[in-house]
1. Roughly how much of residue 536 is accessible, in Å² to the nearest 10, using a 1.4 Å probe?
2. Between the range 524-581 and the range 440-460, how far is it from one alpha carbon centroid to the other, in angstrom?
3. What is the distance in Å between the Cα centroid of the range 307-337 and that of the range 595-613?
4. Once R0 is set to 35 Å, what does the formula 1/(1 + (r/R0)^6) return for the Cβ-Cβ distance between residue 750 and residue 168, expressed as a FRET efficiency to the nearest 0.05?
5. Where does each of 391, 242 land when they are ordered by accessible area, with a 1.4 Å probe and the largest first?
6. In nm, give the distance between the simple-model label positions of residue 799 and residue 44, each being 7 Å from the Cα along the Cα-to-Cβ direction.
7. Residue 177: accessible area at probe 1.4 Å, nearest 10 Å²?
8. For residue 659 and residue 535 in one chain, what is 0.36 nm times their gap in residues minus the Cα-Cα distance, to one decimal in nm?
Amino acid sequence: MSKTLKTLTSAALLLPGLVVHTGQAADPSRANINFQYTRYQEGKRDLLGTRSDLNPIMVDTLHGTGGFLLTDRLRFSFGYTQDTWSGATPIAMTPFASTAGNKEFTRILPTGEVVSGASPYITGIEDFDHNLDPLRQDPIAGRVVDPRSVLVLSTASPETRKQGDFRMGYEWDNAVVNFGGGLSHEKDYKSSYGNINGRFDFNQKLTSLKWGGAYTTSDTSAILDHDTLSYVTPLAYNGQIDFQDRLRILRGNRQDWAANIGLTQVLGKNSLIDANIGYTHSSGFMENPYKATTVIFIDPDTISPNPADSIRGNVRAVLEQRPDYRNQLAISNRFVQHISPLDAALHLNYKFSFDDWGINAHTFESDWIQPLFEGWTLTPRIRYYSQSAADFYQPYLFSNQAFLKTITNSAGETQAITYDPRKLPQDFASDHRLASFGSLSGGISLNKRFARGFELEAGFEYYTRASAFAFGGGNSSFADFDYYVANAALKIGLETLNVNQIGRNRSASGAAHDHAAQHDHTFIPAGIMFGHTLDKAGDIMVGYRFMYARQTGDILRGSHAASDLEIVNQACGDLVLCRFAPDYMNMRMHMLDIMYAPTRWLNLMLMPQFMDMEMNLRPLEGRPSLAPGGHDHPGTPHATGGVADTIMMPLIKLLDRPNHRLHIGLGLSAPTGSVDQEVRRMAKIDGGIIHFDMQLGSGTWDFMPNLTYTGSHSQWYWGGQLYGVKRLENQNESGYRLGDLFQASTWGGYRLTNWLATSVRGVYTSRGSIQGDFNTFNARIGPMDFPHNQGGQFWDLGIGINARVPSGRLVGNHVAFEWLQPLRDDFNGYQLERQGALSATWHYSF
């Protein structure tokens, strides 16, 4: 295949909104590391005038891939994806806007207590004529009935999914074989998968035959929302529901087998065609456990023979039921044409898929890849999609039976009889994704390839989903909405960078020297930030930093364990008794380090962060009794995740001698992380805004000064750092300000070889308590919800290992790991004991 066509083919994978699977976008002839961030954001749904404060679905995704040649023919690739979902999503639709949910409600409990909140109630009583058309005028309530269909939304705490995969590939002169696998994990859904694929080239590599197969097994463990108990009925699944810690968990297993075959043919030096056919067989639990269908139950015993009389229907929501299997076939074709006068490429794609659920789908795509100047490439894109509805899709159902009926038996005893699920259709669903609809989208991406072998890319695509866009018209206009996808990516070709770097070194000194050593005069423990500087003007460093911290064990007051009774009575202040305490908390941080040296003495750093956290609560012994109408739900971790604060840091060299270096950092942290994360707003009883430690940022601009010294002699190296954080604002948008921070570190290490070293570090940290408090509703159920239970003084010991690649294809890559073990905690107030923290870093300088 010509170089031009290879470039055009790979360029199709650089479109906005696409997350490329491991190895697909990588040139197999070189080592590479890629990072991508994606934001998916839905627009507000049309609720026909119903007031709703629920935010639409938003997804933040962090995606990283890497690939390395282990030998000339053996390649290893890996990938990691983490996405966090938050916001409101449709759980059902109701055929009557007047009974739709998403409204503020007030309930009076039997005790007389008034409870308020926001709820997607579907239940209600509606009146129909004998043609089952809703009466416009309710004779009982004296109100006008709006018969239009409307979605019912539900929201929940943010959830994070993590996926890791790998691929091993071997290449012959005219063939390639790859095999791989991976795991995907989220709170209520786990899957594992394996795959194998390959390619055979013949006809002087002008023709390629592609093939592949995959297997996936998935387990659902859906916690049925306790807030939906009164209106979503799972009766048909009672045999699949387990009870654990007073939670109802719906379990199911699904298996998917897939196979595909394709052919790529080069038609000439400027064009190629690619055709593929794929088959997927799925079986098992195919339902979405959070989707319901509105069912109007009509008791035949209450129907009057007089056609002038109305018929009363009981409107309820029932969990959807889908077939236990699905067979899908997809046929796709792609044509690529190089436009020589413009040095551009046109990609035309068409895909047709159909299945035994009755869904026929058409996808048309067109991309124009236009190189501009000095490494810039602009790619506009347009896409159209249309599908027919599933055979069992129904917006709502009528059932000729009572939902709940009381009868008297022959002994004079009364008995409550619930509806019979067998009298409903075998399969039914009102999920709008199974309806007939179309979508139209347009997007653009901009790519800049630098001479040193790395690329930056940004993309944006806007979608409109509309029932009217479907071939022949759709049947789900109530579900129409818009959304967009935006992304940014960094792509690093390591081998290209090495070749360019050696060339720069030869040009500068007349001979190549150790590239791995030129940027690193000493190793730095992985837990130290802002510890590196670059040597020469024009140098660049790209790195990745991961940190994991865990807290579990006792609740400490100061340095001493507190009893549950003490926590209940004292940890939440004088006016509130605690009911819960943290059982464990996990925090994970992903950070991208980008450094540039405009001069020899000044380095500029940009450090965007992505963070996720989870906390599980336990009930305290001796806690006050539950309020009437309330509910406990231990055993369900609260999770948050997404973009955290962004650090901008200039580093200024104060001393730069062969064995002694000193630099100062005067950075700022921008409040890009959210501080209004909430625990399920569907019922305010559950908590409102989430705990302080679970927010994604500080919410304030922060000053981050630091001073770092490093030294070395022979095989020994050492250093120290003073680091602080000063909050520059009185409070954030949620009404509080995190405490200031001071940290002092000192370390020493020994080089075991020219590529491996170990280190020991001592750390002292002082963190102030929170000032102010939440200015919006918080449930105040435990010590983690009170400002005085924040901060303290901490002593830690770090054990680390550092390694670098001194030669070969991966020369210049550095990795480091450090475990930070707590030695002593002295908390302010009552806080969960720390268990330790792991830091891992990778960086590459060029």
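The values are calculated or read from the model by the stated rules, or taken from the named source; none is laboratory data. Because the structure is a prediction, the values reported are computed rather than measured. Cβ atoms come from the backbone with ideal geometry, glycine included; neighbour counts cover every protein chain shown. Protein only, heavy atoms only, side chains kept; ligands, DNA and RNA dropped before computing areas. Shrake-Rupley method; radii C 1.70, N 1.55, O 1.52, S 1.80 Å.
1. 80
2. Comparing the Cα centres of the range 524-581 and the range 440-460, I get a distance of 37 Å.
3. 49
4. The pair residue 750/residue 168 has a calculated efficiency of 0.50.
5. Ranking 391, 242 by accessible area, largest first, yields 391, 242.
6. It is 5.7 nm.
7. Spelled out: residue 177, probe radius 1.4 Å, area about 50 Å².
8. Details: separation 124, 0.36 × 124 = 44.64 nm, distance 1.39 nm.
Difference between extended and current length: 43.3 nm.
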